[in-house]
Structures are given as C-alpha cells and as structure tokens.
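Asker: Got a structure here, written out as structure tokens. Questions coming.
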Amino acid sequence: RFPLDAILLFMFRQVKERLKKEVAAMKNQFPGFRPGLVVLQVGDRDDSNLYISMKLKAADSILKADPTDFLKVLRRIVAVNENPAVHGLIVQLPLDSINPINTEKVTNAVAPEKDVDGLTSINAGKLSRGDLGDCFIPCTPNGCMELISQTGVSVMGKNAVVIGRSKIVGAPMHDLLLWNHATVTTCHSKTLDLAEQVGRADILVVGAGRAEMVKGEWVKEGAVVIDCGINHIPDSSKASGKRVVGDVQYPSAIERAGYITPVPGGVGPMTVAMLMKNTVESAKRFLQTYTPGKWSIEYTKKKPQEPQPSDAEISCSCQSKPIGELAREVDLFSEEVEPYGRSRAKIRLDALKRMEKQPDGKYVVVTGITSTPLGEGKHTTALGLAQALGAHLNINTFACVQEPSPGSFFGARGIAVGGGYSQIIPLEEFAFGMISHVYILQALFDLLVPLRKGQRSVSPAQLNRLKKLGIEKSDPLTGTEIRCFVQLDIDPDIATDSGSLENEIMAILSLSSSEEEMQQRLAKIVVATNKSGDPVTTEDLNVSGPLAMLLKDALKPVLMQTVEGTPVFLHTSPLADIAQGSPSVLADKLALKMVGSKGFVVTVSGHGADIGLEKFFNIKCRYSGLRPDVVVIVATVRTLKMHGGAPPVQAGLPLPKEYSHENLKQLERGCCHLKRQVENAQAFGLPVIVAVNKFSCDTDTELELVCGQARQAGAFDAVQCTNWSEGGAGALALAEAVQRAAKLPGQFRFLYDTQIPAADKLRTVAQKMYGAKDIALSPKSIEKLVLYTKQGFENLPVCIAKTHLSLSNDPMLKGVPTNFMLPITDIKANVGAGFLCCLTESVSFILLYL
C-alpha cells in the first residue's frame, strides 16, 4: 500500500524524454519546426487555473476568451484551427461564463485533427466504438490508463468502477477500460448503492467533482485508486484559507488501497504528459502531408478546345472553386477573408501583419514593347506565366494585376484581365467603377469649429491648419485670423480639377502600404494654391479623415483566380499615363509574403518598358521598398513589323495584309525597337527575358528571328509563348527561364536620385528611356517648377505622361526615334501620391486611359 508518487515521477520523466527525442527528430527533418499547443480558457475558475498553471509550461500560449460573448469564443477557436503553427488546441472545461454557453458547440468547433483533449464528437465517437488507433484519447483518462499499467495490475477481467460520467473523465474512462477488457460499472452522485459498488472495485477511478465523497472504508483491500478530483475546502492553517483535496478521502483510503494517487500532484502531471504526447502525435500526423513553404492547393488544368471559343465562353465553361476554399489553400485565415459572392473576396490587412516576419518570394514584373492599339498581351502572358509556375511546376505563385479601367474595357485591347486560357474568372464579376468625384465644400468658422459648452471644438487637423497659418492659439481668434482660417483664398488659375483629384486618390490607394500611410497621403493632397502661393490641402479642408474612412475597404486587395485555379490579386487601377499604372503595393507585398521564400509573384506594369516599367521602378518600388528579381518583356511579331515599317494598325479594322505575310527584313528592322526596350529594362540592373507572344499568323522563322535578336540585344533569354491557346502549358519555357534568371544576384538600381533638380530628373528619363535629345520646358511648366520648389515638392519623383504608341511624344513615330525634343507643357504636383505629373504635348489630363 503506497501512493503512486514515485511511479508518477518516473513515468513523467520517461514520457518527457521520449517526446524530446521525437521532437528532435522532427526538427532534424524540418529545421525550425516545433509542435504548437494552445489552451483556450473561458472565465476564471480556480480548478481551471490550477490545471492551466501546470499546462502553461507545455503550451505555446494561453488564450483568454470573453466569457460573455459566445461568437468571440468560436472565432478564437476557428483562428487557431487555421493556424498551421498550432497542432493542438484544448478548451479548458468547464466553461465559466455569466451567460449560457453551449459547451458542445464550443468543443466541437475544435478541428478533430487538433483536438488533443479528445473531446469533439468525432474523437469521442471513435473511442466509444473502439477505434483507439484513429482518434485522440482524452488526456486525463489516458494518463489514468498509463498509471494503472505501471502498477503491474492487469486490467483484463478486472472489476472496474468509474464514478462520474463527464465527457472529460468519466465517459471516456469507461470506454478505455471497456476496450481494455475490464468489466466496467459507471456510478455517479445519484447511485443508491455507491459504497457497495466501490467495495467491489479492483480498479476505482473517481472524477465526480465532490470533495472527499468516497470514504476510505468503502475501498476494497488492495484496489488501485485513481483520484481525478480537484476541490478546494476551507483550511485556516493555510495562508490562502483553503487547501486542495480530491474526491477520495485520502488519509483513510491509503490504509486500504494497494495503489492510490495523491491530490494535488497525482493525475494532473500525467494529464499534462498525455497532453504533450497527443500534441506531438498531432504534429507527426501534420508532417506526413506537410511540405515546408508549400501550399496544399488543387489546380484545374483545362484541356483547350479547337477551334478556340471566345474568352467569355471559356470563362463560362470554367467552374471556379469557392473563394473560401481557395483562401484556405493559400493559407489565409477565415477571419482575414471577406467574401463578396462565390468567386471573389477582399483580404483584410491583418493578414499582412500576421505574415510580416515571413521571407518574401521572388518578384517578377511583366512589361512590354511599345505596342499597337491592340496591345501585346502583357496581362495574358503574366497570367499564363503564373499558371505555368503554379499549376504546372507546383511552385507557390500569385499573379497581381490591376482592376480594369473604363479605357481598357471599352477599347480594342481587351479588358486587361488576360484572355483565352490565361484569364481571370469569372469574367462577369469585374467591377469597373471608378471612385466618384470628390466635392469639397467650404463652411463658416462656427460650422467648422462649433461651440460646445462654451468651448470651441478644434480637431487635430484644424490645429495643424492654424499652425500652418502661423496662428498659435485656437480660441479666441481675431477677425483677421478667422478670415485666414475660413477663407482659403484659392487662386482659380492653379486650382485642381476633380478628374486629377480622382486619379491621384487612385494612385494613393495603389501606393499605400497601410491605412495609416493612406491617411497621411490623403492629407497631403493639394487641391489648390492660395494667392500667397501656399498649397491648400485636404487636411486644410478637414476632409482627409472622412476620405480615409470612405476608402478603408477599398484598400483591401481582391482575391480571385485564373482558369487553372492560380490565385490572383486584383487591386486598384491607377492610370499608366498620369500615374504609375500598376497593381497596388499592398497586393504585391501580401502576395510576396504568402508565396514564401521559394515562391513567385508575377505583377504587371502598364504600357511599354519606356513608360510603365520606368514608373514601376522609380515611383512604385521607391515607395514600397520592394526590389524585383526579373523583368519579362512581352513582344509580338506584328508589333515589331509595325516598328519595321508596316502600315499602322487601327483599332476595329482588319490587320493589313503585310502582317499575315512573312517579311523577315521588315521584321528585323523592327527588332531595333525591341533592342531599345531591352536596354531600357537593363538600365535598372535586372535580368531581362523576352516573351514572344505567338499568334496564328506567325511563322517559325519569324519567331526564331525575334528570339535571336532579343538574345543579341542582351536578354537573359527569349522564348515563345502560346499560353493564350494552351494556358499554363504554353508558358512553361518562360517559367523555366524565369526560375533560372531569379537565381542571379540582384543589382537593382534607380534611374535617378530624387535629390537632383526636377528638370534634371525629367531630362534623365527622356534621354535614357525615350532616346530624346533633350526636354523643352514650356513657360507654364517652368512657372510650376518654381512654385513647387518654393512649396518644397521638388524632391518628388517625376511621372511623365506621354503617348504609349511611340518612344517619342509623336504617336506616329515608330521604331527608335532619335534627335527629338520632348516638350513638357504642364506639371501637376500629386503630393499625396508622391510624384510630379509632367504632361507632354501629346496628352492632356482628359480621357487618359490605361
């Protein structure tokens, strides 16, 4: 007759050492991996606190849940279920809440594969029917069985009595003893002959939750007694005024029992040991299907049809997977996903915060040569490349593209979301709405700064405006000070039109990395200049805060998918002429975190390498801090023929016959333009790959000529692409070339230093990107530069708005124009977006589309 203290200590150390070896083996196979355990506690019960104090050393974290909010408890559980770093989740029972909480719903919300306490209906059901090898056994009953086995007493054929019928101890203990061939009787507080039943027990397990309810004289001589109870009774000799006892009257029971567990320090440590054992087992099961850094995603490789259907017909024939399922496959948590229908969802910025310490993947930017009005197929190639990397090479890959703008939608070039078997689906779910015009109103001082209980209510933004006016007080103000505060004194000749404001707001959305940055940028928007030459901002008008509130949801990237199931972020549509013309910084940043260090993100820049790529690097990358690894330039035989002297292509009209006949000399002449664009991309220090988008009228000889010319121009590689008609399979050669190029050491560099004068920045871009002889500043643009220098805006990057149909400002000049002047006719300071928008003679602020 003795307590099980020595056995407990031996067993606990034995289990601990065995688990250490198993965890060490996991870490050797998967460096950095460790089993993760989370305990969820609802309320603040004493017995729960005692158990949790023992579990704390084994658990990664103890989550406290609001005992008054059932839905918050469930959301906490769902978040842990979806976290791949957590392999075990236990809900500490009983739940302690002032409001009724359905314990069954809470425990069943735990994913069965993470239910290391074995309390879900699935695990309990498997245990009750004897499937012991295919479930998690509750920790306390499992610990009890381990203790019994260490005594040397065989369970088989013995009379076992279990007092208590809870789902935590009693019911599963009954099942375990039964399937280990004991004859089991379950008793409880209402059992009439409880003492008689206890007296027949060879093995007695008590978990009724009543202090010392089992008397020592009831216990059969030599019985194994396992006391699972934890109760507090008054004890004036203790500093706390109470002491912990079990459900068995220990001092008298130890005189009769063969073996007995003490309380505290008995079953509790074994429960923790079994908890660790189950958690390690859960981690081992997880690793059986786990590949570090790899998504568990299913792709759909669609078999192309001949003749090829229209884009709309292809989209309709593809069954996109539910957006929630796609989000789970790419390791997003459900609380980070806001579904909008079946096929698209906004992604909360919390996801980026959660992943901020994860390494970025490889960053690929797709651009093009100076195209015909029909376009080069940049988006189609970008999506095809993403499908090839993802669905065909099984690499985590995201595509990031802009939302379609009205210009691309209604023009001849398609809707800028790919085409054929390399497009985003479903086609009908794209939103083409632009942000509505911003109407800015003036108001009187008493309306702007109302009196409340005799005091002026001055907002932080209004205090900033007062400081900018040199007014160091807020109340009372003199008549002159009130007039300065209320009357903006806008110079109508330098006021900003609403269309420019709309475009700048879209650019701000695209360049912001957080809500805080967006609000700061919105506050800097210059809406006008007063007659003293000072800028009037949205913050002066006290509208930057409301603007930020209105745009909060617009800052979230939209998740969709391609024909083959590759994930895509579709976000923002800044124009490629008077803005940077590329998907949002947030979409790119989030995608780079999600794909992991071995994954790829394929993004797109608007227009050709001379315009869109230059702005992508000098504006977007300067603010985002991201550095691409590879540049892909998309070219077509038909466009190079145009640059070689073929008649211009007109939207809506059939291609001239010269484009459907082989003319190698004309094509070779046009390749001088390809060479120039390769050099433009190389100016930023990155490897360049040329993707030749193949059309049905192209001959093999023509395609080989273009690839050869591209390599001679210094391209890392040049490959043919047929992804429009073949999906990802048609871009496999491109994907493999991108993989090779991404391994080269990066030597990225900007084209200019923002600290040099604005005119020199303009000259650098004009000469190095367009091949201009020099720039010609109009009197108006010179006047603007003087004004912006005075206002402190000279150090902003420049954004040149010119035609995308030529390297020059003349859309009719093809090939590589030389010896031309680039006329700068006007300049607009987009201070919020963070660049100077410089217009050339070929464009205006009106009707500029991507």
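The values are calculated or read from the model by the stated rules, or taken from the named source; none is laboratory data. Just so you know, these numbers come straight off a predicted model, no measurement behind them. Methodologically, a virtual Cβ is constructed for each residue, glycine included, from the backbone with ideal geometry; neighbour enumeration extends over all protein chains shown. All accessible areas refer to the heavy atoms of the entire protein, side chains included, with ligands and DNA or RNA removed. Shrake-Rupley method; radii C 1.70, N 1.55, O 1.52, S 1.80 Å.
Asker: Considering (1) within 47 Å of the chain's Cα centre (by Cα); (2) in contact (Cβ under 8 Å) with a residue 60 or more places away in the chain, say which one Thr151 fails and leave the rest.
Answerer: If we test Thr151 against (1) within 47 Å of the chain's Cα centre (by Cα); (2) in contact (Cβ under 8 Å) with a residue 60 or more places away in the chain, just (1) comes out false.
Asker: Where residues in segment 284-320 are over 28 Å from Ala591 (Cβ atoms) and outside any loop (DSSP other than H, G, I, E, B), which of them is most open to solvent (accessible area, probe 1.4 Å)?
Answerer: Ranking the qualifying residues of segment 284-320, first place goes to Gln288.
Asker: Same structure, new question: Within segment 757-803, can you find the residues that are open to solvent by 50 Å² or more (accessible area, probe 1.4 Å) and within 37 Å of the chain's Cα centre (by Cα)?
Answerer: Lys768, Gly792, Glu794, Asn795
Asker: Out of segment 571-599, which residues are open to solvent by 10 Å² or more (accessible area, probe 1.4 Å) and more than 17 Å from Phe835 (Cα to Cα)?
Answerer: Result: Lys589, Lys593, Met594, Gly596, Ser597, Lys598.
Asker: Let me ask another. Would you be able to say whether some residue in segment 209-224 is farther than 22 Å from Pro264 by Cβ, touching a Leu at 6+ places or on another chain (Cβ under 7 Å) and not acidic (Asp, Glu)?
Answerer: Checked against the condition, which is being farther than 22 Å from Pro264 by Cβ, touching a Leu at 6+ places or on another chain (Cβ under 7 Å) and not acidic (Asp, Glu), segment 209-224 yields no hits at all.
Asker: Follow-up. Considering only segment 90-115, state which residues are farther than 14 Å from Lys167 by Cα and in contact with a Gly (Cβ under 7 Å, 6 or more places away or on another chain).
Answerer: Asp96, Ser97, Lys114 - these are the residues of segment 90-115 that are farther than 14 Å from Lys167 by Cα and in contact with a Gly (Cβ under 7 Å, 6 or more places away or on another chain).
Asker: Restricting the first residue to segment 311-324 and requiring it to be at pLDDT 90 or above, which pairs with a second residue that is open to solvent by less than 20 Å² (accessible area, probe 1.4 Å) and among the aromatic types (Phe, Trp, Tyr) meet a Cβ separation below 8 Å and a spacing of at least six or different chains?
Answerer: Hits for this filter: Ile314/Tyr421.
Asker: Continuing with this model, one more query. If we keep just the residues of segment 246-283 that are without any contact (Cβ under 8 Å) to a residue 40 or more places away in the chain and open to solvent by 10 Å² or more (accessible area, probe 1.4 Å), which is nearest to the chain's Cα centre (by Cα)?
Answerer: Selected residue: Val263.
Asker: Something else: Could you tell me whether any residue of segment 524-533 is in a loop (DSSP other than H, G, I, E, B), out of contact with any Leu (no Cβ under 8 Å at 6 or more places or on another chain) and of a type in the set (Gly, Ala, Ser)?
Answerer: Yes: one or more hits.
Asker: Also: Quick one: count up the residues across segment 219-245 that are buried (at least 21 other Cβ atoms within 10 Å of the Cβ) and farther than 14 Å from Val162 by Cα. First the steps, then the outcome.
Answerer: Step one: of segment 219-245, the residues buried (at least 21 other Cβ atoms within 10 Å of the Cβ) are 219, 223-230.
Remaining after also requiring farther than 14 Å from Val162 by Cα: 230.
Result for segment 219-245: 1.
Asker: Within segment 549-569, how many residues are closer than 17 Å to Ser514 by Cα and either touching a Pro at 6+ places or on another chain (Cβ under 8 Å) or open to solvent by less than 10 Å² (accessible area, probe 1.4 Å) (or both)?
Answerer: Qualifying residue count, segment 549-569: 3.
Asker: Also, I was wondering about something else. Which condition from (1) open to solvent by less than 80 Å² (accessible area, probe 1.4 Å); (2) modelled with pLDDT of 80 or more is the one that Glu516 breaks?
Answerer: For Glu516, the exception is condition (1).
Asker: Run Arg749 past the list (1) farther than 17 Å from Val364 by Cβ; (2) touching a helix residue (DSSP H, G or I) at 6+ places or on another chain (Cβ under 8 Å) and report the number of the one that doesn't hold.
Answerer: Unmet condition: (2).
Asker: Can you find a residue that is charged (D, E, K, R) and at pLDDT below 95 anywhere in segment 407-418?
Answerer: To start, the set of residues in segment 407-418 that are charged (D, E, K, R) comprises 413.
Applying the additional criterion that residues be at pLDDT below 95 yields 413.
So far as segment 407-418 goes, yes, one or more of its residues are charged (D, E, K, R) and at pLDDT below 95.
Asker: Follow-up. State the number of residues belonging to segment 226-278 that are over 22 Å from Met145 (Cβ atoms) and in contact with a Cys (Cβ under 6 Å, 6 or more places away or on another chain).
Answerer: Matching residues across segment 226-278 total 0.
Asker: Condition first: in contact with a Ser or Thr (Cβ under 8 Å, 6 or more places away or on another chain) and surrounded by fewer than 14 Cβ atoms within 10 Å (Cβ to Cβ). Now tell me which residues in segment 178-199 satisfy that.
Answerer: First, pick out the residues of segment 178-199 that are in contact with a Ser or Thr (Cβ under 8 Å, 6 or more places away or on another chain): 197.
Those that are in contact with a Ser or Thr (Cβ under 8 Å, 6 or more places away or on another chain) and surrounded by fewer than 14 Cβ atoms within 10 Å (Cβ to Cβ): none in segment 178-199.
Asker: Residues that are at pLDDT below 90, in a loop (DSSP other than H, G, I, E, B) and either open to solvent by 40 Å² or more (accessible area, probe 1.4 Å) or not assigned by the TED database to the domain that holds Gly143 (or both): does segment 104-121 have at least one?
Answerer: No, there is no match, as no residue in segment 104-121 is at pLDDT below 90, in a loop (DSSP other than H, G, I, E, B) and either open to solvent by 40 Å² or more (accessible area, probe 1.4 Å) or not assigned by the TED database to the domain that holds Gly143 (or both).
Asker: May I pose another question? Just give me the residues in segment 777-795 being out of contact with any helix residue (DSSP H, G or I) (no Cβ under 8 Å at 6 or more places or on another chain) and part of a loop (DSSP other than H, G, I, E, B), in sequence order.
Answerer: Those that are out of contact with any helix residue (DSSP H, G or I) (no Cβ under 8 Å at 6 or more places or on another chain) and part of a loop (DSSP other than H, G, I, E, B): Ser778, Gly792, Phe793, Asn795.
Asker: Taking Val798 as the residue in question, decide whether it is touching a Leu at 6+ places or on another chain (Cβ under 9 Å) and farther than 30 Å from Asn530 by Cα.
Answerer: no
Asker: Going by what's in this entry, would Asp360 be described as open to solvent by 40 Å² or more (accessible area, probe 1.4 Å), acidic (Asp, Glu) and in contact with a strand residue (DSSP E or B) (Cβ under 9 Å, 6 or more places away or on another chain)? Full working, then the answer.
Answerer: Details: open to solvent by 40 Å² or more (accessible area, probe 1.4 Å): yes; acidic (Asp, Glu): yes; in contact with a strand residue (DSSP E or B) (Cβ under 9 Å, 6 or more places away or on another chain): yes.
Yes: the conditions hold for Asp360.
Asker: Any chance you could count how many residues in segment 197-221 are free of Cβ contacts under 8 Å to residues at least 24 places away in the same chain and acidic (Asp, Glu)?
Answerer: Adding up the residues that qualify gives 0.
Asker: Oh, and also: Of all residues in segment 703-760, which are in a loop (DSSP other than H, G, I, E, B) and in contact with a His (Cβ under 6 Å, 6 or more places away or on another chain)?
Answerer: none
Asker: Got a number for residues in segment 722-766 being of a type outside the set (Ser, Thr, Tyr) and farther than 27 Å from Thr636 by Cβ? Give the steps one after another, and end with the answer.
Answerer: Narrowing segment 722-766 to residues of a type outside the set (Ser, Thr, Tyr): 723-724, 726-751, 753, 755-763, 765-766.
Adding the requirement that they be farther than 27 Å from Thr636 by Cβ leaves 743, 745-750, 753, 755-763.
Number of matching residues: 17.
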